[in-house]
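Just below is one structure, and these are the notes that go with it.
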């Protein structure tokens, strides 16, 4: 797979852990520029420990990340237009079907975008880490 173009990773990124770092490092290897779309509070079904601005600040300061932006408030696909990626990476646990997502993204951007699922490393979960911290 050639390393070129713009790669977009996306997620909630609540309570940063080694699994997130693996996802972002592997995503960065796939292109010249890594842009991370951080989910808005309004677009996540999870109760987060950190708000969207705090999560954005953390992500934009990580070495593999060239740029981090907040997603669109109302439509997750509108954020794609501002990034205009050549590749989109998915974490192992992101509930997207690669083929369906590819079709929708190609329709929104009017170009073929490669969808790549990044492998799992470790057994990390922000939700579980946050629950453990709250109950301690």
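The values are calculated or read from the model by the stated rules, or taken from the named source; none is laboratory data. As the structure is a prediction and not an experimental result, all values here were calculated from the model. With ideal geometry, Cβ positions are generated from the backbone for all residues, glycine too; neighbour counts draw on all protein chains shown.
Here residue 20 meets each of (1) more than 22 Å from residue 113 (Cα to Cα); (2) without any contact (Cβ under 8 Å) to a residue 60 or more places away in the chain with one exception, condition (2). Those residues that are exposed (fewer than 15 other Cβ atoms within 10 Å of the Cβ) and in contact with a strand residue (DSSP E or B) (Cβ under 8 Å, 6 or more places away or on another chain), I need them from the range 54-65; list them, please. Passing the criteria: only 60. For the range 127-134, the condition of being at pLDDT 90 or above and surrounded by fewer than 17 Cβ atoms within 10 Å (Cβ to Cβ) holds for none of the residues. Pairing each residue of the range 73-92 that is on the phi < 0 side of the Ramachandran plot with any residue that is part of a loop (DSSP other than H, G, I, E, B) and exposed (fewer than 12 other Cβ atoms within 10 Å of the Cβ), provided the two are 6+ apart or on different chains, yields C-beta distances under 8 Å for 92/119. For the range 99-106, the criterion of being in contact (Cβ under 8 Å) with a residue 12 or more places away in the chain and surrounded by 18 or more Cβ atoms within 10 Å (Cβ to Cβ) is met by at least one residue. Restricted to the range 1-99, the set of helices (runs of 4 or more DSSP H) holding at least 3 residues that are modelled with pLDDT under 95 and in contact with a helix residue (DSSP H, G or I) (Cβ under 9 Å, 6 or more places away or on another chain) comprises 78-83.
Of all residues in the range 107-119, those that are exposed (fewer than 12 other Cβ atoms within 10 Å of the Cβ) and part of a helix (DSSP H, G or I) total 1.
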